[in-house]
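The values are calculated or read from the model by the stated rules, or taken from the named source; none is laboratory data. Keep in mind the model is a prediction, meaning the values are calculated, not measured. Please note: Cβ atoms are built from the backbone with ideal geometry, for glycine as well, and neighbour counts cover all protein chains shown. Just the protein is used for accessible areas: all its heavy atoms, side chains included, with ligands, DNA and RNA removed. Shrake-Rupley method; radii C 1.70, N 1.55, O 1.52, S 1.80 Å.
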Amino acid sequence: MRAVAAVDSGQVVNPDGLINQIEGAIVQSMSWTLYESVTFDDTRITSIDWQTYPILRFNSVPDSIEVHIINRPGQPFLGSGETGQGPAAASIANAIANATGKRLRNLPLTRKRIKRRDRCVRAATDSSPRCPTPRVRAALRWRIGGPRCRRSNSAAFQNRPSPRPCGPPD
């Protein structure tokens, strides 16, 4: 696997620093896009250390990352601190959509989510009810006062026992 980026930062003062910044942004964005996710159970965060937190490992880093700088002498100096992150995540999402025919909209873009999306698409083509997304399921649970989470400032729950800690939507 390889990654290629072209960067226009106006007049470049430190080409090596810019290349290093973009390479780091691409690798960090890959980790966010494909792996990173804080995990919860009903009461707490369960990903509490680097052993249990999903993160990009060295064996998953691209074999090569090419950064092409578009140097524009005489133009204003433009910030380039995080410019590689958004396009890298979008490129990965577009590659998955192109390969599978399915657009995933929640990060991380894991195999499990791709398979779940495939199952939902097949169910929808069989005239079955469409699979709701995790966010929709969570919103429905909250709307009908499900057991997952109670918001203490909500008028509907003011006379109930103290709220449980809110976990993330599925």
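Would you point out the residue of the range 1-25, among those that are assigned to a helix (DSSP H, G or I) and within 23 Å of Ser60 (Cβ to Cβ), that is most open to solvent (accessible area, probe 1.4 Å)? Steps first, answer last, please.
Filtering the range 1-25 for residues assigned to a helix (DSSP H, G or I) gives 15-25.
Then keep just the ones that are within 23 Å of Ser60 (Cβ to Cβ); that gives 19-25.
Numbers: Ile19: 45, Asn20: 99, Gln21: 78, Ile22: 2, Glu23: 59, Gly24: 38, Ala25: 5 Å².
Going through the qualifying residues, I end up with Asn20.
Of these, Val13, Val67, Val27, which one is under 20 Å from Leu109 (Cα atoms) and of a type in the set (A, V, I, L, M)? Give the steps one after another, and end with the answer.
On the way: Val13 fails: under 20 Å from Leu109 (Cα atoms); Val67 fails: under 20 Å from Leu109 (Cα atoms).
The conditions single out Val27.
Can you tell which of Ala97, Ala93, Ala89 is open to solvent by less than 60 Å² (accessible area, probe 1.4 Å) and without any contact (Cβ under 8 Å) to a residue 12 or more places away in the chain? Steps first, please.
Working: Ala93 fails: without any contact (Cβ under 8 Å) to a residue 12 or more places away in the chain; Ala89 fails: without any contact (Cβ under 8 Å) to a residue 12 or more places away in the chain.
Residue meeting the stated conditions: Ala97.
Within the bounds of the range 105-116, is there any residue that is open to solvent by 80 Å² or more (accessible area, probe 1.4 Å), aliphatic (A, V, I, L, M) and at pLDDT below 50? Steps first, please.
Just the residues of the range 105-116 that are open to solvent by 80 Å² or more (accessible area, probe 1.4 Å), to begin with: 105, 107, 111-112, 115.
Checking the rest, the ones that are also aliphatic (A, V, I, L, M) come to 107.
With the extra rule that they be at pLDDT below 50, the set shrinks to none.
No, every residue in the range 105-116 fails to be open to solvent by 80 Å² or more (accessible area, probe 1.4 Å), aliphatic (A, V, I, L, M) and at pLDDT below 50.
Which residue is nearest to Ala88 (Cα to Cα), if the candidates are limited to the range 34-55 and must be among the hydroxyl-bearing types (Ser, Thr, Tyr) and without any contact (Cβ under 8 Å) to a residue 60 or more places away in the chain? It would help to see each step written out before you state the result.
Looking only at the range 34-55, we keep the residues that are among the hydroxyl-bearing types (Ser, Thr, Tyr), and these are 35, 37, 39, 43, 46-47, 52-53.
Cutting the leftovers down to without any contact (Cβ under 8 Å) to a residue 60 or more places away in the chain gives us 39, 46-47, 52-53.
Values: Thr39: 24, Thr46: 28, Ser47: 25, Thr52: 25, Tyr53: 21 Å.
Only one residue fits best here, namely Tyr53.
Considering each residue of the range 7-41, count those that are over 22 Å from the mean Cα position of the chain (by Cα) and not polar (S, T, N, Q), and give that number. Give the steps one after another, and end with the answer.
Step one: list which residues in the range 7-41 are over 22 Å from the mean Cα position of the chain (by Cα), which gives 7-20.
Those left that are additionally not polar (S, T, N, Q): 7-8, 10, 12-13, 15-19.
Total satisfying the criteria: 10.
For the range 26-79, how many residues are of a type in the set (S, T, N, Q), surrounded by 14 or more Cβ atoms within 10 Å (Cβ to Cβ) and touching a Pro at 6+ places or on another chain (Cβ under 7 Å)?
Selection size over the range 26-79: 2.
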